[in-house]
Every structure is written in C-alpha cells, then in structure tokens.
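Q: The structure's right below; bear with me while I get my questions together.
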C-alpha cells in the first residue's frame, strides 16, 4: 500500500523530469543555432524536383482497417493479463483465490462466490467464450483478405 | 504504527528519487554510447575502422555529436504543421523514457538499521507490466505525428507504415508476455525476476528462457519491430522513403528521434532481460544479494545483459535483409499472432490440469511449433515466402532485348 503510493508519485516525478528535459533540449537548440533560413531551404524535400501537390491526401484504407483490428486485439490483451493473474491464483492457490474473490463484496461476483460458482472452471469458460468470439472474427478477417497486402 | 509508516514512506521515496537521478543520466550516457557502439559495430562487421578521431578510439564522438546537434540551424519546412512538428520528437523521446520507471535494476538493498529493504526500482507499480505495455503503445504517436506534420510524401508514407507496423506487433508482444504472466501469476516485474532466482540441480538458473524459448523468440521479434530496428525498419528505409518519417527533421529534433529509438531499445532489452533472463540475477548465485556490494554486482549484471541485447540488435541489423511490407504484415498477423495465442492457450490448459511448471512447459512450446509447422505444410497456408496467388516462377514473361 505504502510502496504503491510511492510508485505513482515517482511516475509523476519521472514525467516531470522528462518533460523539462525535452523542452530544454528543443529550446537550447532554438537559441544557440544560427538563423539563416530562406524560401528554398524551407521548401519541402522531394528528391530535388519541384513539389507536386500536398502530402495530405487520401491513402490506402488498409492502414485504417489494421488500426481498427488492433484496437480489438489490444483490448483483448489488456483484459487477458489481469485475467491471467486471477487464473494462476485460482489454479495454484484456490483458497487464496476465494479470499480474493470475497474482497469484492459489492459486485455480482460476491453472490457467485457464495454459490460456489466462481472457480477455475468459471474462469476457463469465460476465457473460452471471449477467445472464441475473437477467433471467429479473426478467421472472418483472414478469409476476407484483410491481411493480404500484395 | 503511523510514525513507522511515515518514516518508511519517506525512506523509499527518497531512495527512489536518488535512484531516478542516477538512472536518467546513466541511461542517457548509455544511449549516447549506443550510437557510438552502433557505428563501431557496423564498422567492424564491414571491415572498417568506424569513428576514431574525437578522443582516444573516438570515445568522445557522442559528445561531439551532441554539441553539433545543439549548434545546428533549427528550421522548419514551410508546409509543416508547426505545433505538431515540434511536439513529435518531444513525444518520441519523452515516452521512450517513461518505461524506465518500472524496471527493477538491482533487486533490493538492505541498509543497516532499516526494518524493510529498499527496492532498487524507481516505481514499484502493482501493474508494472501493464504500465510498460501502455507506454510502449504510446510510442507510435511520435512517429505518426512526425510523418503527418512534415507535409512531405516520404515522411507521410513512412509514418503510415510505422503506425501499421508498431500497432500490429504490439499484439503478439502482449500475447507472448501473457505466457509469462500466466505461468508466474504476477504483473510486477520485480516478482517475476525473483521467481527466476532459484537454481535447478544446483547450477542452472531457473530463467524463463529455458521453459518458454518460443515465447522469447516471438517477443524478441516484436521488440525489434516496435523499436523500428532492422530488419523491420521499413518506416525509414533509405532506398524507398529517403529518411521515412524523419525526412524533414534536422538538428536537435532529429537527434531526439534517434535518442528516443535508442532509449526504446534499452527499455525493451531491460524488459526482455527481466522476463526471460532473470533480470539482475547473477548466474550461479541462488539467493538475492542485499548488501551494498551485492546490489552493485546485480546492477552490473543487469547492465551486462542489456548490453548483450543491444549488441545482438546491431548484429542483426547487418546480418538480415529488410522485409517487404506485405511480408512484414503477413509475418505478424498470419504467423506470430496465431502461434503466440496458441502458446498462451497451452499454458492455460497446463495450469487448469495443475501440470507442474517444469519441462512440460518446454514440451508444450515445442509442440505448438511442431503443430504449426505441420498445419502450414499440410494445408498450404500462406504464411511466409512466395504466395500461391502469384504466378509461378517458371511461367513469368521473359525479358526481351537483353542478354541473359
């Protein structure tokens, strides 16, 4: 408990130090460097030829699809990690696990603990449903050629 | 009780701040000398000398580079989005630094007259691993913003590629770490390291690499891709995109992308060392050392392990050719993702049936790879290599007019 509080304070301290550091680096460069700019120097680099149009134009939609699929899978990973710690406890130390489950008295889990419904089997079934839905989506995406880039 | 807590609180807090003030300069020096080391290793692999003018053996080269970057002219392309153009390198470097907070650098230190040992770690978060994953996922912002704000076509395509690549490899990375989370039941890095300090048969350390080698290979591949290192440096490949997302950057802002990349490499290496190679654990010692000299020894061992990883990164850069973009995405989504998911599910099944964590883990990993290879060859699943929908090599239209 005590060390936990220390931990988050230190993350804050690190963010502050990092912020100061990067700002100072940019500002030092800004004030120390010469200023001899011009239209040609500031023009966009395009292998030496005159610039054709803007770079802000439409791009391949596949990049967008990959970003969307990433969201689904990353949320999956983020959910699976805490699940994994619980599952480890439920399989290796069942007594400790039931104590952990009882600490969340305000949630529906408490009622299920009392009925003896929460155990490693329960956790495995929830995982199976979760991964199953995700896998169906994954196979559908694969069949639709989302991952084919050539 | 309260007094004791207050004293305890301030002691660890003070120690963490001192540690932070040591770690940041140490890592920045390490980053500087990584650039020097990168050039030296490249030179050795190509039978050259590398930098050897500034100072003995060129050892002052990073200092000279730093001064040069500070004094170079700092200008912006006219078409750039000015706030985002300045923000991008700051994000790229700042976010890479944030990962340093949860790395356990040297176990715990027990000074005389203190009830509890001090953690040699800046921030002991309960969700250390989740924090690292979150910070790693943020790393994509710097690159994307740089690519978009420059208003340069090369930079734009580089940024897009980097976004797709870093985002895709985040998933197998998380799933391969899930194997360790499942097997150890911990989200705290220091506890995961502690579990690896025992010995088998009195000499072999119980590092996770011996139980989960395939997960380690997947994680290593993903870290390479996350840090945009060769062979995954499509975001900045010179032959296609000039400089990629940092084409329009110069002076200190360019250097900050560079520093960010190397910081990312150091954090990623430390992450892998902690998960698979016992972190600060000294091979041959069964117990944690809490004396001052013991902690210093553990710090040195941690540093040595990280350095070995950094060297391997550079070695790979000059050994493997770069991927093509479709190969890159195929390797991630059709290769690494199913395999890493299967590896995690195998550990789930082993846990469910209370299989002890021993050679069965290794057998499970090898079994998954074997099944994957058999499935790929039986069903001709296009994972890597030449694709079935491309014309046969023998039936291509021959070149006319040239001499063969």
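The values are calculated or read from the model by the stated rules, or taken from the named source; none is laboratory data. Keep in mind that this is a model prediction, so the values were computed, not measured. Note: ideal-geometry Cβ built from the backbone for every residue, glycine included; neighbour counts use all protein chains shown.
Q: In the range A:48-70, what residues are within 7 Å of another protein chain (Cβ to nearest Cβ) and either surrounded by fewer than 10 Cβ atoms within 10 Å (Cβ to Cβ) or touching a helix residue (DSSP H, G or I) at 6+ places or on another chain (Cβ under 8 Å) (or both)? Show your work before the answer.
A: Taking the range A:48-70 and keeping what is within 7 Å of another protein chain (Cβ to nearest Cβ), we get A:54-56, A:59, A:63, A:66-67, A:70.
Residues satisfying the conditions are A:55, A:56, A:59, A:63, A:66, A:67, A:70.
Q: Of the conditions (1) in contact with a strand residue (DSSP E or B) (Cβ under 6 Å, 6 or more places away or on another chain); (2) outside any helix (DSSP H, G or I), residue B:295 clears all except one; give me its number.
A: (2)
Q: Inspect all residues belonging to the range B:12-27 and state whether any of them is touching a strand residue (DSSP E or B) at 6+ places or on another chain (Cβ under 7 Å) and buried (at least 18 other Cβ atoms within 10 Å of the Cβ). Even if it seems obvious, please write down each step before you answer.
A: From the range B:12-27, those touching a strand residue (DSSP E or B) at 6+ places or on another chain (Cβ under 7 Å) are B:12, B:15; that's our starting set.
Then keep just the ones that are buried (at least 18 other Cβ atoms within 10 Å of the Cβ); that gives B:12, B:15.
Yes, because at least one residue in the range B:12-27 is touching a strand residue (DSSP E or B) at 6+ places or on another chain (Cβ under 7 Å) and buried (at least 18 other Cβ atoms within 10 Å of the Cβ).
Q: Somewhere in the range A:17-33, is a residue within 25 Å of residue B:155 (Cα to Cα) and more than 9 Å from every other protein chain (Cβ to nearest Cβ)?
A: For the range A:17-33, residues within 25 Å of residue B:155 (Cα to Cα) and more than 9 Å from every other protein chain (Cβ to nearest Cβ): present.
Q: Being in a helix (DSSP H, G or I) and facing chain A (nearest Cβ under 9 Å) is the filter; apply it to the range B:236-258 and report the residue that is surrounded by the fewest Cβ atoms within 10 Å (Cβ to Cβ).
A: Here is the first cut: in the range B:236-258, the residues in a helix (DSSP H, G or I) are B:236, B:238-241, B:244-246, B:251-258.
Within this subset, residues satisfying the condition of being facing chain A (nearest Cβ under 9 Å) are B:251-253, B:255-256.
Numbers: B:251: 20, B:252: 25, B:253: 25, B:255: 22, B:256: 28.
Per the criteria, the residue is B:251.
Q: Restrict the check to the range B:77-87 and report whether at least one residue is within 9 Å of chain A (Cβ to nearest Cβ), surrounded by fewer than 17 Cβ atoms within 10 Å (Cβ to Cβ) and without any contact (Cβ under 8 Å) to a residue 24 or more places away in the chain.
A: yes
Q: If you scan the range B:319-343, which residues turn out to be out of contact with any helix residue (DSSP H, G or I) (no Cβ under 9 Å at 6 or more places or on another chain) and facing another protein chain (nearest Cβ under 8 Å)? Before you say what the answer is, go through the steps one by one.
A: Applying the first criterion (out of contact with any helix residue (DSSP H, G or I) (no Cβ under 9 Å at 6 or more places or on another chain)) to the range B:319-343 yields B:320-321, B:326-327, B:330.
Listed by number, the residues that qualify are B:326, B:330.
Q: Please give the number of the condition residue B:282 fails out of (1) over 14 Å from the mean Cα position of the chain (by Cα); (2) outside any loop (DSSP other than H, G, I, E, B); (3) free of Cβ contacts under 8 Å to residues at least 24 places away in the same chain.
A: Checking residue B:282 against (1) over 14 Å from the mean Cα position of the chain (by Cα); (2) outside any loop (DSSP other than H, G, I, E, B); (3) free of Cβ contacts under 8 Å to residues at least 24 places away in the same chain, the one that fails is (2).
Q: Something else: Six or more apart or on different chains, Cβ under 8 Å: which pairs go from a residue in the range B:111-134 that's at the interface with chain A (Cβ under 7 Å from one of its Cβ atoms) to one that's surrounded by fewer than 15 Cβ atoms within 10 Å (Cβ to Cβ) and at pLDDT below 75? Could you list them?
A: Listed by first residue and then by second, the contacts come to B:124/A:4; B:125/A:4; B:126/A:4.
Q: For the range B:190-201, check the following and say yes or no: at least one residue is touching a residue at least 40 places away in the same chain (Cβ under 8 Å) and within 14 Å of another protein chain (Cβ to nearest Cβ).
A: Within the range B:190-201, one or more residues are touching a residue at least 40 places away in the same chain (Cβ under 8 Å) and within 14 Å of another protein chain (Cβ to nearest Cβ).
Residues checked against (1) modelled with pLDDT under 85; (2) at the interface with chain B (Cβ under 8 Å from one of its Cβ atoms); (3) under 14 Å from residue B:333 (Cβ atoms); (4) more than 21 Å from the chain's Cα centre (by Cα):
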residue: A:45; (1), (2), (3), (4): yes, yes, no, yes
residue: A:91; (1), (2), (3), (4): yes, yes, no, yes
residue: A:123; (1), (2), (3), (4): yes, no, no, yes
residue: A:139; (1), (2), (3), (4): no, no, yes, yes
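Q: Condition test on residue B:181, is it more than 13 Å from every other protein chain (Cβ to nearest Cβ), more than 23 Å from residue B:257 (Cβ to Cβ) and in a helix (DSSP H, G or I)?
A: Values: more than 13 Å from every other protein chain (Cβ to nearest Cβ): no; more than 23 Å from residue B:257 (Cβ to Cβ): yes; in a helix (DSSP H, G or I): yes.
Judged against the criteria, residue B:181 is not a match.
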